[in-house]
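The values are calculated or read from the model by the stated rules, or taken from the named source; none is laboratory data. Owing to the predicted nature of the structure, the values given are computational and were not obtained by experimental measurement. Positions of Cβ are backbone-derived with ideal geometry, glycine not excepted, and every protein chain shown enters the neighbour counts. Note: accessible area is taken over every heavy atom of the protein model, side chains too, but ligands, DNA and RNA are not part of it. Shrake-Rupley method; radii C 1.70, N 1.55, O 1.52, S 1.80 Å.
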Amino acid sequence: MGDLPEFLDRYQLERPRSDRPLGFAAALADHHVPGISIALLEHGQVTQTWTMGHRSVTSDAPVEPDTLFQAASISKSIAAACVLRLVDESVLDLDTDVNDLLKSWQLPANDGWQPHVTLRQLLAHTAGTTVHGLAGYPPGMPVPSVPDILDGRGNSAPVRVTAVPGVRHSYSGGGYTIAQLVLTDVTGLDVDTLAWELVFEPAGMVHSTFAQPLDRARAVRAASGHRAGPAPVAGGWHTYADLAAAGMWSTATDVARFFAAIRDSAAGAPGALLSARSTRAMLTRGAPNRAYGLGVGIAEPGAPAFVGHSGSNEGYRSWAGIHLDDGSGAAIMTNGDHRYQLITDLLLPALRREYGWPAAAGAPTPTVAASDLAGRYVSGNDEFVVAETDAGLTLTVPGQPPVPLTAGTDGGWRARVLNVDVRFPARDGDRVLVLHQELVPDADVEATRVTG
């Protein structure tokens, strides 16, 4: 355990590959993140926990492995596991109408039409419920009860069904707040007690809690949230009464242990957290329009098997996940909420390359002579001209000077002056050009060679 590894200094954000790396400390500062904790997963075990920075910009207290962060929506994964543990114990049923389970509140009818909503739908975000996310309550603001939150008597709108349940994924923290009330109404126990008995203790999550607000002993170990600036969140953090949706405090190590426990459950390990049946339910896609199971994100078809979640609260950003086949992954927790780029565009690519995380299925493009790749490629109104040079290839788009490309060991071509990779896979008897820009997620360009 200790400071972040030097290999992260080799990776950059929004800078050409040919520039000198900023260094990770500078990247933290550029993205308004005072502190960070990363737990590395290898072969299904936490092998390293790295930390850097401070719990607050107003203090010299360093982030340490036991520093608490708000896990935000990663809370949903733990809440779903609590429900599934109770399903395993025959206390709950995923497909019972929640109004048959609720005692302190009822999901209301819509102009006389009473929707039938189940826990399975709530956990998969397919219940058609409103309220995407909740803002929490700053210090000094009264914190309403859960029924009052659901009826819109807090700082969010009422939670209601406005789409046909069970058909499409539509993310709803409001739906998880209904699931939370089912948990407490049925068992008579508070969420923190339930989570400790059902998930925290069995998974080894020794520092985690759903206590809101934090007690004094935990508060001294907590990282304060920050907005852009970085500017501390007033009072350090918000209180989230919607615990199942956003209310867990945890460490990177604890969160990583949870996802390792889900992998063990998927593998049918002795004494696993969830039964085989509940694990299948958790890892089954709930609707065709989103790769999401019960409380967890899962892999798209053709991608390596994976389970994880991200989180965003006032002042915090987090991400965690594990590849089910080889047990590689990580949990990342930060006390800055400016942007996700630090995690998605720097940390995850760096960890993926350094530790050889699984890549999407598909054989690499075989090495082809540069002369066989030269030509004009068109995608819509965009034209790409590939030319052979003594050093390899150049790629030219209208209005720009040629970008030099060098051959990689995997059959692809790389631009050092930009964060760009180019491949030329064979298709329909010819080559196509696939342009991948690392800093433009989900925006690959495919262009067809022009003949004649």
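In Å, what Kirkwood hydrodynamic radius results for segment 210-316 from the alpha-carbon pair distances? Mind showing how you got there, number by number?
On the way: mean 1/r = 0.0620 Å⁻¹.
About 16.1 Å, per the Kirkwood formula over Cα pairs.
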message: What does the C-alpha gyration tensor say about the overall shape of segment 121-246? Classify as rounded when a/c is under 1.5, otherwise prolate if a/b is larger than b/c, or oblate.
response: oblate
- prompt: Leaving out ligands, DNA and RNA, what percent of the accessible area of segment 78-121 is carbon and sulfur, probe 1.4 Å?
  reply: 46 percent
- line: Expressed as a percent, the accessible surface of segment 217-296 that is carbon or sulfur, using a 1.4 Å probe and the full set of protein chains, is 54 percent
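What is the gain in length, in nm to one decimal, between E201 and Q45 on full extension, counting 0.36 nm per residue of separation less the C-alpha to C-alpha distance?
Numbers: separation 156, 0.36 × 156 = 56.16 nm, distance 1.66 nm.
Using 0.36 nm per residue and subtracting the Cα-Cα distance, I get 54.5 nm.
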- prompt: Given the Cα-Cα distance of R17 and E300 and 0.36 nm per residue of separation, how much length would full extension add, in nm?
  reply: 99.0 nm
statement: Each label sits 7 Å from Cα toward the beta-carbon; between D390 and S104 the label points are separated, in nm, by 7.8 nm
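Run the helix sum for the chain: -39,500 (n - 2.57) per DSSP H stretch of 4+ residues, divided by residue count, reported at 222 nm to the nearest 500 deg cm²/dmol.
Helix contribution divided over all residues of the chain: -5500 deg cm²/dmol.
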- line: Rounded to whole angstrom, the alpha-carbon centroid of segment 177-243 lies from that of segment 286-364 at a distance of 22 Å
Lys, Arg +1 and Asp, Glu -1 on Cβ, resulting dipole of the chain about Cα centre, debye, nearest 20: 280 debye
- prompt: Which value results when the Cα radius of gyration for segment 1-130 is divided by 2.2 N^0.38 Å?
  reply: 1.60
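I'd like to check one number: the per residue accessible area of the chain, probe 1.4 Å, reported in Å² as a whole number. Walk me through the numbers on the way to the answer.
Values: 19320 Å² over 452 residues.
Accessible area per residue, the chain: 43 Å².
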- prompt: Between V378 and A443, what is the spin-label point distance in nm, taking each point 7 Å from the Cα along the Cα→C-beta axis?
  reply: 2.4 nm
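With r as the distance between the Cβ atoms of D215 and H116 and R0 = 56 Å, compute the FRET efficiency 1/(1 + (r/R0)^6) and round to 0.05. Intermediate results must be reported in sequence, preceding the final value.
Values: r = 40 Å, r/R0 = 0.71.
The pair H116/D215 has a calculated efficiency of 0.90.
Per 0.36 nm of contour for each residue apart, how much would the distance between V164 and E6 grow if the chain were fully extended, relative to their Cα-Cα spacing?
Net length gain for the segment: 51.8 nm.
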